[in-house]
Amino acid sequence: AADCRGVVLSNRAYLSVLSEVYSRDPLETGGIFFGNVKNGVWYVAEASDPGVYTLHTHAHHEMDNNYHNHIYPVLSRLYQHGLCLLGLWHRHPGSLDTFSSDDDRTNHSFADARQSRPHCAPDMLLPQ
């Protein structure tokens, strides 16, 4: 994002991503980054897994929307200032340097949602 001057990933978020990636190898997987933005720096405090009812293939994954709508407030209340949805993360097995057409659509939808609420993503993370 244009207003992003840097990203700080907590150890917990980093380990959560690694744990999920290794547990699904060699399939695609992903989740959501939660945190806050201060002075243009994005602080990622938490990284979710994709949820309970998910789909994983070598070229695609689908997350559990109900799970994320549940976990967002649960994680947020652990932090004094709450958390915002900062972004989505996912792993492409064998390649991390190219966005797919699905990625492009998701990224554009997310960017549109962030523009409507520049300091925090929508209250409901994903359609139910």
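The values are calculated or read from the model by the stated rules, or taken from the named source; none is laboratory data. Small disclaimer: the values here were computed from a predicted structure and weren't measured. Positions of Cβ are generated from backbone atoms using ideal geometry, with glycine treated the same way; all protein chains shown enter the neighbour counts. Ligands, DNA and RNA are stripped out before the accessible areas are found, and what is left, the full protein with its side chains, is counted by its heavy atoms. Shrake-Rupley method; radii C 1.70, N 1.55, O 1.52, S 1.80 Å.
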TODO: Mind listing whichever residues of the stretch 78-109 are charged (D, E, K, R) and loosely packed, with under 10 Cβ neighbours inside 10 Å?
DONE: ASP97
- [ ] Identify all residues within the stretch 47-101 that are modelled with pLDDT under 95, touching a Ser or Thr at 6+ places or on another chain (Cβ under 8 Å), within 18 Å of TYR14 (Cα to Cα) and in a strand (DSSP E or B); write none if there are none.
- [x] LEU88, HIS90, ARG91
Task: In the stretch 17-40, the residues that are surrounded by 13 or more Cβ atoms within 10 Å (Cβ to Cβ), of a type outside the set (Phe, Trp, Tyr) and more than 18 Å from GLU62 (Cα to Cα) - done: GLY35, ASN36, VAL37
Open item on the list: Just to be sure before I move on: is PRO118 under 20 Å from ARG5 (Cα atoms), at pLDDT below 90 and either of a type in the set (A, V, I, L, M, F, W, C) or open to solvent by 60 Å² or more (accessible area, probe 1.4 Å) (or both) in the structure I sent?
Closed with: yes
